[in-house]
1. Taking SER23, is it modelled with pLDDT of 80 or more, of a type in the set (Ser, Thr, Tyr) and either farther than 27 Å from ARG241 by Cα or more than 18 Å from the chain's Cα centre (by Cα) (or both)?
2. Within the stretch 205-215, can one find any residue that is among the aromatic types (Phe, Trp, Tyr), within 24 Å of PRO270 (Cβ to Cβ) and out of contact with any Pro (no Cβ under 9 Å at 6 or more places or on another chain)?
3. Note down all Cβ pairs under 6 Å where the first residue falls in the stretch 11-36 and is in contact (Cβ under 8 Å) with a residue 40 or more places away in the chain and under 18 Å from GLU189 (Cα atoms), the second is among the polar types (S, T, N, Q) and away from the ligand (no atom under 12 Å from the Cβ), and they're at least six residues apart or on different chains.
4. What is the one condition in (1) free of Cβ contacts under 8 Å to residues at least 40 places away in the same chain; (2) not in a loop (DSSP other than H, G, I, E, B) that ALA107 does not satisfy?
5. Can you pull out the residues in the stretch 276-294 that are touching a Pro at 6+ places or on another chain (Cβ under 9 Å) and part of a strand (DSSP E or B)?
6. Just a yes or no: is a residue in the stretch 217-230 over 14 Å from the mean Cα position of the chain (by Cα), within 16 Å of the ligand (Cβ to nearest atom) and touching a residue at least 12 places away in the same chain (Cβ under 8 Å)?
7. May I ask you to say which residue of ALA114, ALA94, ALA66 is surrounded by 18 or more Cβ atoms within 10 Å (Cβ to Cβ) and within 16 Å of the ligand (Cβ to nearest atom)?
8. Listed residues LEU271, LEU303; which is within 20 Å of the chain's Cα centre (by Cα) and either assigned to a strand (DSSP E or B) or away from the ligand (no atom under 16 Å from the Cβ) (or both)?
Amino acid sequence: MTGAGSDSFTMRERACPLCGQRSQTQWLEQKFDPAQLDGFAFASRKLPELMRFPLALCRECDLVYASQVPDLDWIRAGYRDAGFDAARESSLAAEAYARQLARGLPATMRRDSALDIGCGDGAFLRCLREMGFTEVTGIEPSEEPIRQAPPDIRNCIRNEFFGATRFPDASFDLVTCFQTLEHTESPLELCIEACRLLRPGGVLFVADHDFRALPARVLGAFSPIYDIEHLQLFSRRSLARLFDLAGFGDVQILPLRNSYPLTYWVKLFPLPRLIKMSMLSKLERSSIGQWRLSARMGNLTALGIRR
Ligand SMILES: [Zn+2]
């Protein structure tokens with residue numbers, strides 16, 4: 001198997017990563033066949049495989065989380081070797097995050113340094129420079145997106161998991177983290193660490209899927225948000241709890257409007273695989289496939305200020 005660690009792994013039990021309690025409420029049963037994993041299993045913006053680990057709901061936190069997962073080494077190996085074929089979507093997503101951030105950032109805040117955790121090919125680092133941040137740093141565990149980053153951005157990216165480097169306390173004005181909190185073993189530890197890295201008054205800005213949003217509710221188990229990459233899924237309530245527990249105040253949680261080409265929406269939509277592949281190959285060859293559709297498809301952003 002490529003891209004997803006080794007064939008052999010053991011499953012372990014996992015408690016709610018926010019409150020540490022074990023939930024008795026099943027959300028979705030496991031649907032996982034390691035033989036079907038490919039090099040894109042841990043890639044961003046991939047063709048959904050509709051596989052998942054068993055998911056539980058913590059009613060206390062309103063968080064859906066994987067209650068049994070493989071050992072951490074297996075998951076990490078999957079990220080290191082993940083493929084990347086989504087530069088165009090990465091750039092469009094970065095523009096959407098930048099628009100939303102620009103609306104929420106305090107006008108007077110200092111803009112010396114910013115850190116983007118899980119930065120992929122660094123598309124958002126360019127946006128940060130355009131917003132006036134002089135020193136930008138990205139962290140990305142997968143090698144392939146970094147290889148595809150433009151040279152002036154590539155040398156701002158560290159190829160490692162967040163936490164491997166100890167940055168000094170209070171060394172950033174802004175920390176961002178997009179579609180990454182779902183993937184990490186402990187989203188609370190990540191946000192507490194982000195809080196430590198921020199100067200007083202510094203801002204944490206994240207984007208995540210909302211499992212309570214209408215598209216996820218309509219598609220149910222067929223929603224692409226239910227995926228082995230996602231160890232937890234947030235709602236407005238769980239995001240607010242996460243920010244509060246990690247030490248952030250003045251939290252703003254808002255739906256995000258994404259703009260993507262039609263081909264990308266088709267890629268995400270639950271259709272039988274052969275029909276989807278045939279539609280995608282036709283759309284890729286036609287200009288219709290490039291038509292941009294803008295919609296609120298169930299992503300949330302949260303912005304909080306270090307208390
Ligand atoms: Zn909980």
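1. Here the answer is yes, as SER23 does meet what is asked.
2. Yes, the stretch 205-215 contains a residue that is among the aromatic types (Phe, Trp, Tyr), within 24 Å of PRO270 (Cβ to Cβ) and out of contact with any Pro (no Cβ under 9 Å at 6 or more places or on another chain).
3. From the stretch 11-36, the pairs are PRO17/SER186.
4. Answer for ALA107: the failing condition is (2).
5. Taking the stretch 276-294 first, the residues touching a Pro at 6+ places or on another chain (Cβ under 9 Å) are 276, 283, 289-293.
If the condition is that a residue be touching a Pro at 6+ places or on another chain (Cβ under 9 Å) and part of a strand (DSSP E or B), then ARG292, LEU293 are the ones that fit.
6. Step one: list which residues in the stretch 217-230 are over 14 Å from the mean Cα position of the chain (by Cα), which gives 217-223.
If we keep only those that are within 16 Å of the ligand (Cβ to nearest atom) as well, we get none.
No: the stretch 217-230 contains no residue that is over 14 Å from the mean Cα position of the chain (by Cα), within 16 Å of the ligand (Cβ to nearest atom) and touching a residue at least 12 places away in the same chain (Cβ under 8 Å).
7. After applying the criteria, what remains is ALA66.
8. On the way: LEU271 fails: within 20 Å of the chain's Cα centre (by Cα).
When all the criteria are applied, what remains is LEU303.
The values are calculated or read from the model by the stated rules, or taken from the named source; none is laboratory data. All of these numbers come straight from a predicted model, not from anything done at the bench. When we count neighbours, we look across all protein chains shown, and the Cβ atoms used for this are built from the backbone with ideal geometry, even at glycine.
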